Ligand SMILES: Nc1ncnc2c1ncn2[C@@H]1O[C@H](COP(=O)(O)OP(=O)(O)OP(=O)(O)O)[C@@H](O)[C@H]1O
Ligand SMILES: [Mg+2]
């Protein structure tokens, strides 16, 4: 009886120690890793032959098909290309400004989620949950109307604002994961030197976080470019809307949508390659 | 330079399996200019005790006085304490995105508002002192473990601390690099720095320590001069532990 008790006691202690050891803040940890959050864009890197090959196949396939259409079927394809490409500036404008907005919102949300203040965590958490739980299109239209009704801003600004808010939540999660990927010892060393927590974030944690999350931001940029096509419902003349306006004039629906798809595909593929190159550079520079 | 008094200090952690008493009623004094070495088996609470001194962990009960100022009192400016008490970690914790020089100048510039030229001058002096003058402009990842730890010591010294804490500064190092770090620490001890450290380098303890503390299970079980502790320890757990590691 006595024996059994001590053995049980021993086992209990052992597991207690083991469990606790796993949260020992002094445990040497591996360096920061890269955070990947993507909705499926495959970014080809040099090492991954098969992805690079399939990237090439798709990219050149799309180019060749576009060339064939333009050269051998100038009517109606030349006209369709010309019309749809008129939406390019709006698409890029919306994408670039929205991603900047999303990064700014995301940085604050990310910092808020790792804050020591409970109520700030709560606000950020609710924001993220809210955005994640509502379809992008619904949010977009809702925020667009809300902003339009209360601030009387022009459509482009309202669209950029809505996309920023929607993507800001995902960006916040990326920033949070990035901050948490930085070894705990970094914060401790900074604080032990007498820096305040906010100084430590500014000079030590965030600069390292940027490196870790840059590829993920690149991915978001690509997603944003594709999802920016949703603003066509807000009567902004982006690529998709230009295409649909052309359809309503000519009823060439299939032909036009083929061209719209090709344009998006080519841009997306170029961007994903660029992000891949960027990431390689980043790794090379340590 | 500074006197560290630890009075009846306890630290509990709440874990999923209940409360864990990491440190139990510890009492310890490090007098001005003294070097005190803490030894003990893994999980005995050595790091926790050390980390309470500069408030990286908040003590559950008890007091820590540094030159009479109570670290655990609610109104105390903890950042001021941390400026005055340097800490060196087992895993170096250098900032990888900054150069060696920037690692050292950051805190003096941001915390003490020292101007850049002065901070760099100070950093170069410190690098010379730890024998790494030629490494000012490289990034920490390009250094060996021993070199990194020496930079970490220089980084701490740049704040001109009154006392230094070391948590197993040589445990992560290859044997051939341990000496270069211990040499720097021995110099510091000779210059009269108040030092509280966790280390199992018995050679260092014998050469530099005024006092050796043995901890087990969160309790300080025995303390004495290095000669006494290593040649004629009294507590059976100390004897057992020393038999294991010597
Ligand atoms: N943040 C934490 N949360 C919960 N338990 C912890 C935490 N930090 C340490 N502990 C536990 O407190 C006890 C004392 O840990 P501590 O790190 O002080 O031991 P140590 O003597 O430094 O050991 P080692 O020689 O392995 O470094 C251990 O059981 C450890 O698992
Ligand atoms: Mg320890």
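Taken together, the values in this text are just the output of simple stated rules run on the coordinates, not laboratory data. As the structure is a prediction and not an experimental result, all values here were calculated from the model. No Cβ is skipped: glycine too gets one built from the backbone with ideal geometry, and neighbour counts run over all protein chains shown.
Values as computed for the structure displayed
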{"quantity": "Highest average packing first - A:67-79, A:168-180, Cβ atoms within 10 Å", "calculated": "A:168-180, A:67-79"}
{"quantity": "Förster-model FRET efficiency, 45 Å R0, residue A:123 and residue A:283, C-beta, rounded to 0.05", "calculated": "0.80"}
{"quantity": "Residue A:116 paired with residue B:142, simple spin-label distance in nm, labels 7 Å along Cα-to-beta-carbon", "calculated": "3.6"}
{"quantity": "With Cα atoms, 0 to 90° folded angle of helix B:145-157 axis to chain B main axis", "calculated": "90"}
{"quantity": "FRET E, pair residue A:152, residue A:70, Förster distance 60 Å, beta-carbon r, rounded to 0.05", "calculated": "0.90"}
{"quantity": "For segment B:105-246, Kirkwood radius (reciprocal of mean inverse C-alpha pair distance, Å)", "calculated": "16.8"}
{"quantity": "Spin-label zone in segment A:234-255 - amide nitrogen under 17 Å from a point set 7 Å from the Cα of residue A:79 along the C-beta vector", "calculated": "A:242-255"}
{"quantity": "Share of Cα-Cα pairs in segment B:159-210 lying beyond 15 Å, as whole percent", "calculated": "42"}
{"quantity": "Neighbour-count order for B:67, B:77, fewest beta carbons within 10 angstrom listed first", "calculated": "B:77, B:67"}
{"quantity": "Share of alpha-carbon pairs per 5 Å distance bin for segment B:63-153, given as whole %", "calculated": "3, 13, 21, 20, 16, 12, 9, 5, 1"}
{"quantity": "Label-to-label distance, nm, for residues given as residue B:15 and residue B:121 (7 Å Cα→Cβ offset)", "calculated": "5.1"}
{"quantity": "Whole-number percent relative contact order across segment B:98-208, with pairs defined as alpha carbons under 8 Å at least 6 apart", "calculated": "27"}
{"quantity": "At 0.890 mPa s and 25 °C, Stokes D of segment A:89-234 from Kirkwood alpha-carbon radius, µm² per second", "calculated": "152"}
{"quantity": "Size of segment A:138-210 as Cα extents on the principal axes (Å, biggest first)", "calculated": "51, 20, 14"}
{"quantity": "Helical mean residue ellipticity (222 nm; -39500 (n - 2.57) per DSSP H run of 4+; nearest 500) of the protein assembly as shown", "calculated": "-19000 deg cm²/dmol"}
{"quantity": "20 Å binning of all Cα-Cα separations within the protein assembly as shown, expressed as whole percents from 0 upward", "calculated": "18, 40, 26, 13, 2, 0"}
{"quantity": "Segment B:74-225: antiparallel DSSP beta bridges as a percent of all, rounded to 5", "calculated": "35"}
{"quantity": "Sites residue B:174 and residue B:245 - FRET efficiency at Förster radius 22 Å, r taken between beta-carbons, to 0.05", "calculated": "0.75"}
{"quantity": "Approximate spin-label separation residue B:206-residue A:266, in nm, with each point projected 7 Å along Cα-to-Cβ", "calculated": "7.9"}
{"quantity": "For chain B, convex hull of alpha carbons as volume per residue, Å³", "calculated": "134"}
{"quantity": "Tilt relative to chain B, helix B:100-110 - C-alpha long axis, 0 to 90 degrees, to 10", "calculated": "80"}
{"quantity": "Per-residue Cβ neighbour rank within 10 angstrom, fewest leading, A:64, A:153", "calculated": "A:64, A:153"}
{"quantity": "Relative contact order, percent, segment A:89-234 [alpha-carbon distance under 8 Å, six or more residues apart]", "calculated": "36"}
{"quantity": "Taking A:154, A:279 and counting other C-beta atoms within 10 Å, the order from fewest to most", "calculated": "A:154, A:279"}
{"quantity": "Within 10 Å of each Cβ in B:93-99, the average number of Cβ atoms from other chains", "calculated": "6"}
{"quantity": "Cβ crowding within 10 Å averaged over residues, with B:44-57, A:202-215 ranked highest first", "calculated": "B:44-57, A:202-215"}
{"quantity": "Helix B:175-190 vs. chain B, principal-axis angle (Cα, 0 to 90°, nearest 10)", "calculated": "90"}
{"quantity": "Share antiparallel - DSSP beta bridges, the protein assembly as shown, percent rounded to 5", "calculated": "55"}
{"quantity": "Net length gained if the chain between residue B:217 and residue B:183 were fully extended (0.36 nm per residue, minus Cα distance)", "calculated": "9.1 nm"}
